[in-house]
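The values are calculated or read from the model by the stated rules, or taken from the named source; none is laboratory data. Everything quoted here is computed from the prediction, not taken from an experiment. Positions of Cβ are backbone-derived with ideal geometry, glycine not excepted, and every protein chain shown enters the neighbour counts. SASA here: full protein model, heavy atoms, side chains in, ligands and nucleic acids out. Shrake-Rupley method; radii C 1.70, N 1.55, O 1.52, S 1.80 Å.
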Amino acid sequence: MKNLENLKISGHRGLVGTLPPSLFELINLEFLYVNGNSLIGSVSENIGQLTKLMDFRINDNSFNGTIPDAIQFCQELEILDFSHNDLSGTLPSGLFELSTLQYFYMRANSLTGSISEDIGQLTKLIHLLVDENKFNGTIPNSIGLCQDLEKLHLQESGLHGTLPDGLYDLINLQDL
């Protein structure tokens, strides 16, 4: 299975347990879908070994812990969906180095901290959904650098303050 590029095991509520360590040895994986199951545990720092990964979906499970810093080594990521889990902690700074990221879903977790001004480095973002979390701070002005952004969900995220001027620069925004 070393040459496996697509692993899609989704929508099996009877599928329980954790992500096995051997999963992170599949270094040719480009698509990893384990969404809509009943998986638990944390996402291993070994995720950084999957450097060819373009689409990673673990949404709608019961994963906990923090988002691993090693996610920054998945430099091909275009889609990252960790929504509807029990993740906590802050967004690791390495997330903002994923220059190919287009769809970023972290909704309905327990993430804290602020959303860094470095969000503006994700210039290819089309969707940013981080609603239903426990962030603090304000909406970063640098969000205006994400010119391709069409969908931005921040409701019930814990953010406060005024709308930054950069928000008005999002000419493609259709859903706020």
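With the whole protein complex present, I27 retains an accessible surface near 90 Å², based on a 1.4 Å probe. Along the chain, the exposed loop sites are trypsin sites (Lys or Arg not before Pro) outside DSSP states H, G, I, E and B with at most 10 other Cβ atoms within 10 Å, and the longest stretch free of them is 14-176. Ordering L170, V43, T90 by Cα displacement along the dipole of the chain toward the positive end leaves V43 in first place; charges were set at the Cβ atoms of Lys, Arg (+1) and Asp, Glu (-1). Pair-distance distribution of the chain: all C-alpha pairs, bin width 5 Å, starting at 0; shares per bin in whole percent are 2, 9, 17, 22, 22, 14, 9, 5, 2, 0, 0.
Of D165, D86, the residue with the largest accessible area leads and the full order is D165, D86 (1.4 Å probe). Rolling a 1.4 angstrom probe over the protein heavy atoms, how many square angstrom per residue are accessible across region 94-176? So region 94-176 comes to 46 Å² accessible per residue, rounded to a whole number.
With 24 Å as the limit, the listed pairs K8/K52; K52/K134; K2/K124 have K52/K134; K2/K124 beyond it between alpha carbons. What the phi angles of region 169-176 give under the Karplus curve with 6.51, -1.76 and 1.60, with θ = phi - 60°, is a coupling list of 7, 7, 6, 9, 5, 10, 9, 10 Hz, glycine and proline written as x.
Under 5 Å between amide hydrogens, built in the peptide plane, is the criterion, and for H84 it picks out D60, R107, A108, N109 among residues at least 5 positions away or on other chains. Charge dipole of region 1-150 (Cα centre as origin; +1 on each Lys and Arg Cβ, -1 on each Asp and Glu Cβ, all else neutral): 360 debye, rounded to the nearest 20.
Using the Karplus relation 6.51 cos²θ - 1.76 cosθ + 1.60 with θ = phi - 60°, the per-residue 3J(HN,Hα) values for region 67-84 come to 6, x, 4, 5, 4, 4, 7, 8, 5, 9, 4, 10, 10, 9, 10, 10, 5, 6 Hz, with x marking Gly and Pro.
May I ask for the Kirkwood hydrodynamic radius of region 18-97, worked out over all distinct Cα pairs and given in angstroms to one decimal?
Result for region 18-97 stands at 12.5 Å.
Per-residue 3J(HN,Hα) values for region 131-136, derived from phi via the Karplus relation 6.51 cos²θ - 1.76 cosθ + 1.60 with θ = phi - 60°, read 5, 6, 10, 10, 5, 9 Hz in sequence order (x marks Gly and Pro).
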